[in-house]
1. Starting from residues that are within 12 Å of the ligand (Cβ to nearest atom) and surrounded by fewer than 24 Cβ atoms within 10 Å (Cβ to Cβ), keep the ones in the stretch 80-90 and report whichever is nearest to R61 (Cα to Cα).
2. Return the only residue of Y124, Y128, Y119 being within 15 Å of the ligand (Cβ to nearest atom), open to solvent by 20 Å² or more (accessible area, probe 1.4 Å) and farther than 30 Å from V265 by Cα.
3. Filter the stretch 334-377 down to residues that are hydroxyl-bearing (S, T, Y) and in a loop (DSSP other than H, G, I, E, B) and give me whichever is farthest from the ligand (Cβ to nearest atom).
4. In the stretch 91-102, what residues are open to solvent by 10 Å² or more (accessible area, probe 1.4 Å) and either of a type in the set (S, T, Y) or within 11 Å of C117 (Cα to Cα) (or both)?
5. Identify, please: which residue in the stretch 349-396 is of a type in the set (G, A, S) and buried (at least 18 other Cβ atoms within 10 Å of the Cβ) and is, among those, farthest from the chain's Cα centre (by Cα)?
6. Could you go through the stretch 50-60 and let me know if any residue there is assigned to a helix (DSSP H, G or I) and within 16 Å of the ligand (Cβ to nearest atom).
Amino acid sequence: MSASAARNYRPETRLVQSGILRSQFGETSEALFLTQGYVYENSAQAEARFKGEDPGYQYSRFANPTVAMLEQRMAAFEGAEAARATATGMAAVTLALMGQVRAGDHVVASKALFGSCLYVVEEYLPRYGVTSTLVNGTDLQQWRDAVRPNTKAFFMETPTNPVLEVIDIAAVCKIAHEAGAKVVVDNVFSTPLWQSPLALGADCVVYSATKHIDGQGRCLGGIILGSEKFIQDNVHIYLRQTGPSMSPFNAWVLLKGLETLPVRVRQQTDTAAALASTLASHPKVSRLIYPGRPDHPQADVVARQMRAGSTLIAFEVVGGKQGAFRFQDALKLVRISNNLGDAKSLITHPATTTHQRLKPEQRAELGISDGMVRLSVGLEHPDDLAEDVLDALKTV
Ligand SMILES: Cc1ncc(COP(=O)(O)O)c(C=O)c1O
């Protein structure tokens, strides 16, 4: 048994100590088991393993010791009974939804979703006979009104991408559970450090581990967490039979990423909060959204369900698209990239990149104006970052 299983240690401790499967060599750091398969002592052991009577490994598409260490460490961090790792965040989202539904079922989702998640809900689910309804996630009545007798799952992302609106997870879970539906929450923007959807009633939490869990821009990955029953009923077999599995190498990188996640995310959040305060009253910034500020549109929900703000800031630069482009192009430290959660500060113009597929009226409905940028705050010195942003705003 690992040390953390024996006591209820705090997250920082669990992130360096939990889930370790130490080999006979007694290595300090987690071993990288770069193997496709496993050998058996004899025929009887192979038979027992395939019958599920012997607990060892069979094949790395569905279980590998390095991947298992990551799954156990993430489960300990999130306070979940079980976890499964996937090749990307999108594999995690797709599996968490597709694993639950059958033709004839119905899914309700918040319309403020990462573009590919929206694509899965709007384009792929209907291809398999699963209908979907999109709602304004901050309007609880819309969730209630969307429920049908065949509603199987609710899906949301909060804070939302890119305008950082916050959905009341506990209230939405209550509506879902009264309707007999399960709730999946994409917790990428908050990280398990600042928000615990399972404790608020969610049945499943998904991550793009590509973001803060790696945090240093190296590899892609995804995680699905929930009760043992949820994972067994909806995720385990689907993952095993269809194979969007995580590579042991990526699991090893992400395990090491988890060790430093609290230090990185805390620093990035502090820098983002300070920068948000500086920018909120800047004459070249016409609107700013940052969870934790008293002027956030759902400040009361933020206070109830989040332990801190975010490493991301959304703000609107005056002058529309031209103003936003001039500002982005004048930045020297902050680089233009659609990624987020990295040690390096990254900025994106959602209207022309991540959300360009949407019609202008859909973007307007989501609050994505032509001047809006999304800044992912990294680990640079807060003063260097502030100087870079303020200098660039002078050019607008
Ligand atoms: C909120 C959110 N969910 C899911 C994903 C998908 O993750 P990945 O790129 O690892 O597939 C992303 C980012 O790409 C995201 O921002």
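The values are calculated or read from the model by the stated rules, or taken from the named source; none is laboratory data. Note that the structure is predicted; figures quoted are calculated from it, not measured. Cβ: placed from backbone, ideal geometry, glycine included. Neighbour counts: every protein chain shown. Areas reflect the complete protein model, heavy atoms only, side chains present, ligands, DNA and RNA absent. Shrake-Rupley method; radii C 1.70, N 1.55, O 1.52, S 1.80 Å.
1. Here the residue is A87.
2. Y124
3. S369
4. A91, T94
5. Looking at the filtered set, the residue picked out is A392.
6. Taking every residue of the stretch 50-60 in turn, none turns out to be assigned to a helix (DSSP H, G or I) and within 16 Å of the ligand (Cβ to nearest atom).
Conditions (1) under 19 Å from F114 (Cα atoms); (2) in contact with a His (Cβ under 8 Å, 6 or more places away or on another chain); (3) among the β-branched types (V, I, T); (4) away from the ligand (no atom under 16 Å from the Cβ), marked per residue:
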site	(1), (2), (3), (4)
A179	no, no, no, yes
L198	no, no, no, yes
Y207	yes, no, no, no
H212	yes, no, no, no
K229	no, no, no, yes
Q241	no, no, no, yes
W252	no, no, no, yes
L258	no, no, no, no
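Residues are listed down the side, and each one gets a yes or a no for (1) touching a helix residue (DSSP H, G or I) at 6+ places or on another chain (Cβ under 7 Å); (2) open to solvent by less than 70 Å² (accessible area, probe 1.4 Å); (3) at pLDDT 95 or above; (4) of a type in the set (A, V, I, L, M, F, W, C):
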{"residue": "R7", "(1), (2), (3), (4)": "no, no, no, no"}
{"residue": "E27", "(1), (2), (3), (4)": "no, yes, yes, no"}
{"residue": "A46", "(1), (2), (3), (4)": "no, yes, yes, yes"}
{"residue": "E53", "(1), (2), (3), (4)": "no, no, yes, no"}
